[in-house]
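The values are calculated or read from the model by the stated rules, or taken from the named source; none is laboratory data. Bear in mind that the values here come from a model prediction, so they are computed numbers and not experimental data. Methodologically, a virtual Cβ is constructed for each residue, glycine included, from the backbone with ideal geometry; neighbour enumeration extends over all protein chains shown. The area values use the complete protein model at the heavy-atom level, side chains included, leaving out ligands, DNA and RNA. Shrake-Rupley method; radii C 1.70, N 1.55, O 1.52, S 1.80 Å.
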Amino acid sequence: MKVLVPVKRVIDYNVKVRVKADGTGVDLANVKMSMNPFDEIAVEQAIRMKEAGTVEEIVAVSIGVKQAQETLRTALAMGADRAILVVASEDVNTDIEPLAVAKILKAVVDEEAPGLVICGKQAIDNDMNATGQMLSALLGWSQATFASEVAVEGDSAIVTREVDGGLQTIKVKMPAIISVDLRLNEPRYASLPNIMKAKKKPMDEKTPADYGVDVTPRLEILSTVEPATRAAGVMVGSVEELVTKLKDEAGVI
Amino acid sequence: MAVLLFAEVTNGELAWDATSKAMTAAKMMGDVTVLCAGAQASAAAAEAAKLEGATKVLCAEDASLGHRLAEPTAALIVSLAGDYSHIVAPATTDAKNVLPRVAALLDAMVITDVSGVVDADTFERPIYAGNAIQTVKSKDAVKVVSIRTSTFDAAADTGSAPVETISAADNPALSEWVEDKVQETDRPELTSAKIVVSGGRGVGSEENFELIESLADKLGAAVGASRAAVDSGYAPNDWQVGQTGKVVAPDLYVAIGISGAIQHLAGMKDSKVIVAINKDEEAPIFQVADYGLVGDLFDAVPKLKEALG
Ligand SMILES: Cc1cc2nc3c(=O)[nH]c(=O)nc-3n(C[C@H](O)[C@H](O)[C@H](O)COP(=O)(O)OP(=O)(O)OC[C@H]3O[C@@H](n4cnc5c(N)ncnc54)[C@H](O)[C@@H]3O)c2cc1C
Ligand SMILES: Nc1ncnc2c1ncn2[C@@H]1O[C@H](COP(=O)(O)O)[C@@H](O)[C@H]1O
């Protein structure tokens, strides 16, 4: 079976996000960018399935600016076999919306015919949590989102999902879309020899036009501002003082 | 403008808190019809009829809708979509699973986790773990929107809308439910509790987490956790508060042995009063705390329990 893993280049999760003063967005010039943390988990899942013999080939796909090739190289260094870069924007500040990403991924799936697509549950920049579900809809495939356990049995996948009430296990017909949650696995680091090897692995470059997809956004961004800041608090010296403040000053207990 | 509000129905019961808060947001977009779907949904529909602002309740009962599997549920919503300009739901894991699927089937972009309704086309939503608030205007014919319930007040229960029974759409039969692992608890629900007591990695073990739980019980609070506490097995996954867990905004949030990573703050920084107990005075959690106590939690928490009587 072939597995497709969409990986997004996002601001590194450790970077302190700065909102531009003119309200046009977040400052992304010269900040550290990395693979979306959930996508590392998706790549790791695919590699483990390959190591277990369920998967033959792992294809990583990224849609965005040209620099997303670094993210794809990371996926290749972790263990993906081949990569497809879809250059959809010249400007690092343009985020391609999940609907457009899903349409491009659908076209890639039509060409590649994977048995599974494993993506992240959420991109930590736009926090949309939408692409996997949208792709699944466009393909008419089953979906298993927020996965914390995945097992393949014949032509089905048994997936345990992290939901508000706890855990839910479902059985989905393959081909399927699985979106992964944080506790599925701990992704490996790429070793230096594998980073070197990854440089020789194939990477195709495409554009949305190659797939006949229009990436014009449906949501017009009117402004991006900093959230309201909280008023400074106080330090208390003892538990007694804390209880008194909570009772008399804050009135919350 | 006609709005379809997809109610949160779990095992036949209406989740009043989530649905009523989403109702408050939905009302700002137009006249609201509420959809209750499930293997059993009539009791939920009768409850939903009391939602102030509901003009009608649709009740779809069918075995295929029993566990809110994404494919049959999305098919049902899409079959109704033609009558509505907006499809809205509270941003629960169920709705996050279903709504993007609905949106893609309608060739619309989904707008998730909306924290403010500017007008019927324009919405505010947090991005980058709540480090920025974006205002977006939708150009789609139908707006598919999930609502961050922690920022809206509940609608009143004084309504009396008529209930209409409808049938399910064809089940694509792509997935089956296997089992649920749900923890039974007498504690209030995390997302609607007035007080939340959360523990982090500093708590150190699953056994020690009972200290956090007993403090919560003393306060009649829900229990939350940081990702590190959940990953380490101290607490179940559904207690995680944060960017990728639950978003809470109680009157009082007590963070114990939690450092205050932005991903955690994303889920609790809109709480009215924040208390932090941490042995490291440099911990970033103190920057958002109204009351900070520097100290060992194993000393402070028992004392706190005692002081509460
Ligand atoms: C993609 C992504 C998503 C994430 N989503 C979330 C999320 O939704 N929610 C979330 O919480 N995190 C999330 N995280 C993780 C987050 O970045 C932090 O790693 C996590 O919040 C840290 O948890 P913590 O504060 O419990 O642990 P630590 O950062 O290890 O802090 C432990 C604290 O306990 C204190 N302490 C230790 N012992 C004691 C003692 N005896 N008494 C008092 N204090 C003590 C220490 O001083 C320290 O400040 C996410 C991370 C990523 C990459
Ligand atoms: N531009 C992109 N390129 C590749 N994969 C993406 C892109 N955007 C989203 N994805 C995938 O979809 C998941 C969910 O993203 P989102 O719906 O934007 O929160 C991510 O974790 C990725 O796996």
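Of note:
- If the convex hull is drawn through the Cα atoms of chain A, its volume per residue in Å³: 185 Å³
- Interface between chains B and A: roughly 6700 Å² of accessible area buried, both sides summed (probe 1.4 Å, protein heavy atoms only).
- Taking every alpha-carbon pair in the stretch B:121-268 and binning the separations at 5 Å intervals from zero gives 2, 8, 14, 16, 15, 12, 13, 11, 6, 3, 0 percent.
- If R0 is 45 Å, the Cβ-Cβ spacing of residue B:56 and residue B:298 corresponds to a FRET efficiency of close to 0.25.
- DSSP assigns beta bridges within the stretch B:29-174; of those with both partners inside it, close to 30 percent run antiparallel.
- Formal net charge of residues neighbouring residue A:18 (Cβ-Cβ distance under 10 Å; K, R +1; D, E -1): 0
- Diagonalising the gyration tensor over the Cα atoms of the stretch B:1-135 and scaling each eigenvalue by 5 before taking the square root yields semi-axes of 23, 16, 14 Å, largest first.
- Restricting attention to the protein assembly as shown, close to 35% of DSSP beta bridges with both partner residues there are antiparallel.
- Using a probe of 1.4 angstrom and keeping all protein chains present, the accessible surface of the protein assembly as shown works out to 39 square angstrom per residue.
- When all protein chains stay in place and ligands, DNA and RNA are ignored, the 1.4 Å accessible-area order of B:23, A:203, A:196, largest first, is A:196, A:203, B:23.
- Long-range Cα-Cα pairs in the stretch B:254-309 (distance over 17 Å), rounded percent: 34 percent
- Relative contact order computed over the stretch B:174-283 (Cα-Cα under 8 Å; 6+ residues apart), in percent: 27 percent
- Globularity ratio of the stretch B:98-201, using Cα Rg and 2.2 N^0.38 Å: 1.42
- Using a probe of 1.4 Å on the protein chains alone, the accessible area found for residue B:67 is around 60 Å².
- Length available on full extension from residue A:248 to residue A:31: 0.36 nm per residue minus the Cα-Cα distance, which gives 73.6 nm.
- Spatial extent of the protein assembly as shown: Rg and Dmax, with the Cα atoms as the point set, Å: 23.2, 69
- In chain B, the ratio of gyration radius to Kirkwood radius, Rg to Rh, stands at 1.00 when only Cα atoms are counted.
- Accessible area of residue A:121 in the full protein assembly, 1.4 Å probe (Å², nearest 10): 20 Å²
- Label-point separation in nm, residue A:70 to residue B:39, each point 7 Å along Cα→Cβ: 5.1 nm
- Percent accessible area from carbon and sulfur atoms, the stretch B:150-216, protein chains only, probe 1.4 Å: 43 percent
- Surface composition of the stretch A:1-155: carbon and sulfur atoms hold 46% of the protein heavy-atom accessible area at a 1.4 Å probe.
- Spatial offset of the stretch A:110-156 relative to the stretch B:234-309 amounts to 34 Å, using the alpha carbon center of each.
- J(HN,Hα) series, the stretch A:236-253, from Karplus relation 6.51 cos²θ - 1.76 cosθ + 1.60, nearest Hz, glycine and proline x: 9, x, 7, 4, 4, 4, 4, 5, 4, 4, 5, 7, 8, 8, 8, x, 9, 10
- Links that overshoot a 22 Å alpha carbon limit, given the list B:218/B:303; B:181/B:246; B:269/B:303; A:103/B:27; B:21/B:50; A:247/B:194: B:269/B:303; A:103/B:27
- Heavy atoms of residue A:222 accessible to a 1.4 Å probe, total area in Å² rounded to 10: 90 Å²
- Distance between the C-alpha centres of the stretch A:66-88 and the stretch B:1-71: 43 Å, rounded to the whole angstrom.
- Fully extending the segment from residue A:186 to residue A:48 would add 48.6 nm, taking 0.36 nm per residue of separation and subtracting the current Cα-Cα distance.
- Label-point separation in nm, residue B:179 to residue A:220, each point 7 Å along Cα→Cβ: 5.3 nm
- DSSP beta bridges confined to chain B are antiparallel in about 20 percent of cases.
- Around residue A:242: net Lys/Arg minus Asp/Glu count, Cβ-Cβ under 11 Å: -1
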